[in-house]
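Q: Please read through the structure below; I'll follow up with questions.
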Amino acid sequence: MFYTTKNLILQKIKELLKKDGVFFVGMKEGDSEGYQENPRYPNHRRYISLYEDQEFRGLLEKYFEILHMSRVMIDKDHVYLNYLCKVKY
């Protein structure tokens, strides 16, 4: 179900951008999804989906050309994937 939602979101981003439009997306790397609580915000849960590079790249490349990708490792628990993308026609 989430892949369908994710595809719809990426399709909508593509529709909203101009022909040569670019956008940036960044996320925390991982391979799980579900509700998480942050100790700084008790009693508030967020639903998150974490992706590895290859999996998320596969979703992006359906709609966009990836101009640049970086993987930033702060420490073993904080690794971030960043993509600069251009609309693919």
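The values are calculated or read from the model by the stated rules, or taken from the named source; none is laboratory data. What you are looking at is a predicted structure, and each value in this text was computed from that prediction instead of being measured. Because the Cβ atoms are built from the backbone with ideal geometry, glycine has one as well, and the counts that use them run over all protein chains shown.
Q: What pairs come out if I take residues in the stretch 33-45 that are of a type in the set (D, E) and pair them with residues that are surrounded by 10 or more Cβ atoms within 10 Å (Cβ to Cβ) whose C-beta lies under 7 Å away, six or more apart or interchain?
A: Once the first residue is of a type in the set (D, E) and sits in the stretch 33-45, its partners that are surrounded by 10 or more Cβ atoms within 10 Å (Cβ to Cβ) give E33/I48; E33/S49; E33/L50; E37/R45.
Q: With the requirement that a residue be exposed (fewer than 12 other Cβ atoms within 10 Å of the Cβ) and either out of contact with any strand residue (DSSP E or B) (no Cβ under 7 Å at 6 or more places or on another chain) or closer than 20 Å to E55 by Cα (or both), what does the stretch 10-19 give you?
A: Within the stretch 10-19, K12, E15, L16, K18 meet the criteria.
Q: With the requirement that a residue be within 27 Å of M69 (Cβ to Cβ) and in contact with a strand residue (DSSP E or B) (Cβ under 6 Å, 6 or more places away or on another chain), what does the stretch 29-45 give you?
A: E29, E33, Q36
Q: Hey, among Y35, Y80, which residue is at pLDDT 95 or above and hydroxyl-bearing (S, T, Y)? Let's see the steps before the verdict.
A: Values: Y35 fails: at pLDDT 95 or above.
Among Y35, Y80, only Y80 is at pLDDT 95 or above and hydroxyl-bearing (S, T, Y).
Q: If we keep just the residues of the stretch 24-59 that are part of a loop (DSSP other than H, G, I, E, B) and in contact with a Lys or Arg (Cβ under 9 Å, 6 or more places away or on another chain), which is surrounded by the fewest Cβ atoms within 10 Å (Cβ to Cβ)? Spell out the reasoning first.
A: We begin by selecting, within the stretch 24-59, every residue part of a loop (DSSP other than H, G, I, E, B); these are 30-32, 38-44, 50, 52.
The next check asks that each one be in contact with a Lys or Arg (Cβ under 9 Å, 6 or more places away or on another chain); those that pass are 38, 50.
Values: N38: 9, L50: 17.
Looking at the filtered set, the residue picked out is N38.
Q: Is there a residue in the stretch 25-38 that is of a type outside the set (D, E) and in contact with a His (Cβ under 8 Å, 6 or more places away or on another chain)?
A: If we filter the stretch 25-38 for residues that are of a type outside the set (D, E), which is where we start, we get 25-28, 30, 32, 34-36, 38.
Subset that is in contact with a His (Cβ under 8 Å, 6 or more places away or on another chain): 28, 38.
Looking for residues that are of a type outside the set (D, E) and in contact with a His (Cβ under 8 Å, 6 or more places away or on another chain), one finds at least one in the stretch 25-38, hence yes.
Q: Also, quick follow-up: Any idea which residue in the stretch 61-89 is farthest from the chain's Cα centre (by Cα), counting only those that are exposed (fewer than 14 other Cβ atoms within 10 Å of the Cβ), in a strand (DSSP E or B) and among the charged types (D, E, K, R)?
A: D75
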